[in-house]
1. Using a Cα-Cα cut-off of under 27 Å, which lysines could be cross-linked to Lys135, ignoring same-chain neighbours fewer than 8 residues away?
2. Would you please put 125-136, 88-99 in order of how densely packed they are, using the mean number of other Cβ atoms within 10 angstrom per residue and starting with the highest?
3. Starting from the 7 Å offset along Cα-to-Cβ, what nm value, one decimal, do you get for the label separation of Asp128 and Ala51?
4. Work out from phi, with θ = phi - 60° and the Karplus expression 6.51 cos²θ - 1.76 cosθ + 1.60, the ³J(HN,Hα) of each residue of region 57-63, listed in order in whole Hz, and give x for Gly and Pro.
5. May I ask you to derive the FRET efficiency for Thr10 and Ala158 from their Cβ-Cβ distance with R0 = 25 Å, giving the value to the nearest 0.05?
6. What residues qualify as long-range amide H neighbours of Leu13, i.e. H under 5 Å apart, gap of 5 or more or another chain, H built at 1.01 Å from N?
7. Residue-wise, which Karplus ³J(HN,Hα) couplings in Hz belong to region 6-22, taking 6.51 cos²θ - 1.76 cosθ + 1.60, θ = phi - 60°, and x for glycine or proline?
8. In terms of modelled amide H atoms, which long-range or inter-chain residues lie less than 5 Å from the amide H of Ala100?
Amino acid sequence: NAVWSGKEKTIYLSALRGEWVGFQIVCQNAGAGATVEYKVTPSALKGPGDAAIPDAAVQLSLLWYQKVEREAKKGAAPDATALSPRAWYADPMLPLKPVAPFKVPNEKNAVPGQANQTVYAEFFVPKDAAPGAYKGKIEVFAGDAPALELALNLEVGAARIPDQAHFTWSMNAYSSPARGYGAA
């Protein structure tokens with residue numbers, strides 16, 4: 001994984017100035033029948049000189065799971081292959097304040113046998129951010145256990161995302177635009 005090193009417990013991100021970056025943290029409950037309360041706390045990211053991205057810039061969201069069952073395709077024979085499997089999808093994302101507790105399993109979400117909960121973390125790299133390496137951390141608290149500290153390394157490039165797009169957006173694409181260049 002280009003973003004995560006489990007050995008180093010480090011999240012590696014890179015961004016241009018004026019870009020949003022994000023990552024997910026999956027909090028797992030391996031206990032049988034027990035409920036674990038989690039808290040996630042980001043720190044500021046400190047960069048070159050006195051440059052910093054404040055901890056308040058990091059927005060956390062709790063992914064809420066929705067059950068989706070697809071119907072058989074019209075005209076398909078009513079056998080097991082005609083039905084899509086039942087599945088849970090993470091949508092919507094509910095705002096989560098840093099240090100706000102959440103539980104796994106979450107009785108409000110009512111996912112049968114829920115063993116994990118995803119937290120999405122994202123932040124905007126300011127347009128005037130100094131290019132260079134930024135370092136911070138995310139602490140994950142699980143019940144009374146000591147915090148798990150994840151290092152967060154962000155490399156900010158010198159280029160800046162423009163305020164206006166200089167190309168035409170097309171959301172009506174039915175195949176990959178890379179096909180014209182030999183990639184499928």
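1. Result set, ordered by chain and number: Lys7, Lys9, Lys39, Lys46, Lys97, Lys127.
2. 125-136, 88-99
3. So the two model labels end up 1.4 nm from each other.
4. Going residue by residue, I get 6, 7, 9, 9, 9, 8, 6 Hz, with x marking Gly and Pro.
5. 0.60
6. Asn153, Leu154, Glu155
7. So the J values, rounded to whole Hz, are x, 4, 8, 6, 10, 9, 10, 10, 9, 7, 8, 5, x, 10, 8, 10, x.
8. HN-HN under 5 Å from Ala100: Val40.
Rule-based calculations on the coordinates, nothing more; no lab input. All of these numbers come straight from a predicted model, not from anything done at the bench. Reconstructed Cβ throughout: ideal geometry from the backbone, glycine too, with neighbour counts over all protein chains shown.
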